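**Student:** Dropping a structure here in structure tokens format, bear with me for questions.
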2 protein chains.
Amino acid sequence: MARPSDSRQRLLDAALDLIWTQSFEGVSVDQICERAGVNKGSFYHFFPSKSELAVAAYEAGWQEWKLQYDAVFSLQSTPVQRLLDWGRLIRKHQQEIAAKYGRICGCPVSSMGTEMAGIDEKLRHVCQDLFERDLRYLESTIREAQTSGTAAPGDPHAIASSLQALTIGMLQQARIRNDLSVLDPLEESVCRLAGIPNPSR
Amino acid sequence: MARPSDSRQRLLDAALDLIWTQSFEGVSVDQICERAGVNKGSFYHFFPSKSELAVAAYEAGWQEWKLQYDAVFSLQSTPVQRLLDWGRLIRKHQQEIAAKYGRICGCPVSSMGTEMAGIDEKLRHVCQDLFERDLRYLESTIREAQTSGTAAPGDPHAIASSLQALTIGMLQQARIRNDLSVLDPLEESVCRLAGIPNPSR
DNA sequence: GCCTGAATATACTGACTGGTCAAATCAATT
DNA sequence: AATTGATTTGACCAGTCAGTATATTCAGGC
């Protein structure tokens, strides 16, 4: 009985695009609908509110992003290699996004999370949650590197947390300066923080 | 002939407060006026637009912040001590702000910069500019630490840039999680990045 | 005491906001 | 072919937005 439709998916895509390149409050429901080629009534057929659309869009975005994360953090490669691949993935991804949108966009979770943390508790929590998932990859990698003796000792949670903060901070600077070269010191600094020898020198 | 008034200053204060705790687009001119106890007509007497008010508010905010920076980065103390004091200043400041507003607010420059980078070129540039001023303190401190032999060698600009990114990233995480303990690994990670021995262990 | 211009006050604009609604459409099931 | 219900449509709210217009107030210089 259902009429097949990709309107819902188009709304998710449009929302992520627009919120990422601009901001949550800077983008109107009308804009999202126009980009998605969907009428406003349909919007509210699929989602109860603008916030709920954002929640769904970010959750869906993570599902895609997760595929690449699982590949990079594959247990097939050494912990050190995973960390380096992770940096490469981030840089490559930012390049693609910049080519698509014409400017450096940084991390969408960080952008919307910062913007909405003091305004919308639900959105704040979604972003916190996504960061925690990201953190788990890093923490277990650090832990494994330490037990295998390739990384200097230190609290794995604190180190992973620092790695995440460093990366997010760099992505944010890249967005504000609209310049990807901000990411240049990433690998070197990751190695220093994680206490592993830098393979590139 | 001028009627003395502190309306302008009250508008600057109100704007910084509201934009910091919420966001630029999430705060209306009416709200800013109400908080400042000023009528809308007066607002547009002093500032041509909401954006220009934000520019002025952030510039004025930096002037205050600069005093504390100059104290912390005084040439009286050793480079290492400056870096540690810097971390302490940031933590102390966040505590005060959190006590004032009831939640962790993070870095106002980073928040507004991220939000408006893709929307308002002027605001983007103001934030970029403020970060560059911050970076100069760090870079010259790193350089001095290296020449005095207390820090391991490495490109001072890249290291300072990483220190800045780490801090901004942590502040952002603290804002999103509304939890100051995110800053706990700050000193340790600063030492690792800067290549200096950690005095606290 | 009058003039000048900075400062205040408030009503107003037109565009836009997030969200609602009832009627229309259409594919799949029966 | 009739029924069903997911989907679409576009008009439509009431409220808010940034910014404007205009009249008024008031302190200092003369």
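**Student:** With springs only between Cα atoms under 10 Å, which of B:Q31, B:Q164, B:Q76 fluctuates most in a Gaussian network model of chain B?
**Tutor:** In the Gaussian network model the winner is B:Q76.
**Student:** In addition: List, in order, the whole-Hz ³J(HN,Hα) value for each residue of segment B:118-134 obtained from phi through the Karplus relation with A = 6.51, B = -1.76, C = 1.60 and θ = phi - 60°; use x for Gly and Pro.
**Tutor:** x, 10, 10, 4, 5, 5, 3, 5, 4, 5, 4, 4, 4, 5, 5, 4, 4
**Student:** Based on the Cβ-Cβ distance of A:A60 and B:Q9, what FRET efficiency does E = 1/(1 + (r/R0)^6) give at R0 = 60 Å, to the nearest 0.05?
**Tutor:** 0.85
**Student:** Hey, what did segment A:38-140 get for relative contact order, percent, Cα under 8 Å, at least 6 apart?
**Tutor:** It comes to 21 percent, rounded to a whole number.
**Student:** Quick check for you: with a 1.4 Å probe and neighbouring chains kept, what is the accessible area per residue of the protein assembly as shown, in Å²?
**Tutor:** 44
**Student:** Please compute the contact order of chain B in relative form: average sequence separation of alpha-carbon pairs under 8 Å and at least six residues apart, divided by the residue count, as a percent.
**Tutor:** Computed over chain B, the figure is 19 percent.
**Student:** Quick one: dipole size for segment A:50-194, taken about the Cα centre, charges +1 on Lys/Arg Cβ and -1 on Asp/Glu Cβ, in debye to the nearest 20.
**Tutor:** 280
**Student:** Here is a follow-up. Output the 0 to 90 degree angle, nearest 10, between the alpha-carbon long axis of helix B:7-21 and the longest principal axis computed from the alpha carbons of chain B.
**Tutor:** With both axes taken from Cα atoms, the answer is about 60 degrees.
**Student:** With θ set to phi - 60°, apply the Karplus curve 6.51 cos²θ - 1.76 cosθ + 1.60 along segment B:85-98 and write out the HN-Hα couplings as whole Hz, x wherever there is a Gly or Pro.
**Tutor:** 4, 4, x, 4, 4, 4, 5, 4, 4, 4, 4, 4, 5, 5
**Student:** Mind checking the angle between helix B:50-72 and chain B's longest principal axis? C-alpha axes, 0 to 90 degrees, to the nearest 10.
**Tutor:** The answer is roughly 30 degrees.
**Student:** So if R0 is 41 Å, what FRET efficiency would B:D85 and B:E52 give, r being the distance between their Cβ atoms, rounded to the nearest 0.05?
**Tutor:** It comes to 0.75.
**Student:** Can you grab the distance from the C-alpha centre of segment A:131-175 to the C-alpha centre of segment B:116-173, Å, no decimals?
**Tutor:** The two parts, judged by their Cα centres, are 20 Å apart.
**Student:** Measure nothing but the geometry: give the 0 to 90° angle between the long axis through the Cα atoms of A:156-177 and the longest principal axis through the Cα atoms of chain A, rounded to 10°.
**Tutor:** 60
**Student:** Name the shape class, rounded, prolate or oblate, that the alpha-carbon gyration tensor gives for the protein assembly as shown, where a ≥ b ≥ c are the square roots of its eigenvalues, rounded holds for a/c under 1.5, and otherwise prolate holds if a/b is larger than b/c and oblate otherwise.
**Tutor:** It is oblate, given that a/c is not under 1.5 and a/b is not larger than b/c.
**Student:** OK, next. Could you check how much of the accessible area of segment A:50-194 is carbon and sulfur, as a whole percent, using a 1.4 Å probe?
**Tutor:** Carbon and sulfur atoms account for 54 percent of the accessible area of segment A:50-194.
**Student:** Report Rg (one decimal) and Dmax (nearest whole number) for segment A:50-194, counting Cα atoms only, units Å.
**Tutor:** In order Rg, Dmax, the Cα atoms of segment A:50-194 give 15.5, 48 Å.
**Student:** Evaluate the distance, in nm, between pseudo-label points positioned 7 Å from the Cα of A:L180 and of A:D30 along their respective Cα→Cβ axes.
**Tutor:** Computed distance between label sites A:L180 and A:D30 equals 3.5 nm.
**Student:** Taking the Cα centroid of segment B:11-28 and of segment A:96-114, what is the distance between the two, rounded to the nearest whole Å?
**Tutor:** 23
The values are calculated or read from the model by the stated rules, or taken from the named source; none is laboratory data. If you're wondering where the values come from, they're calculated on a predicted model, not measured in any experiment. Using ideal geometry, Cβ is built from the backbone for each residue, glycine included, and neighbour counts are taken over all protein chains shown. Note: accessible area is taken over every heavy atom of the protein model, side chains too, but ligands, DNA and RNA are not part of it. Shrake-Rupley method; radii C 1.70, N 1.55, O 1.52, S 1.80 Å.
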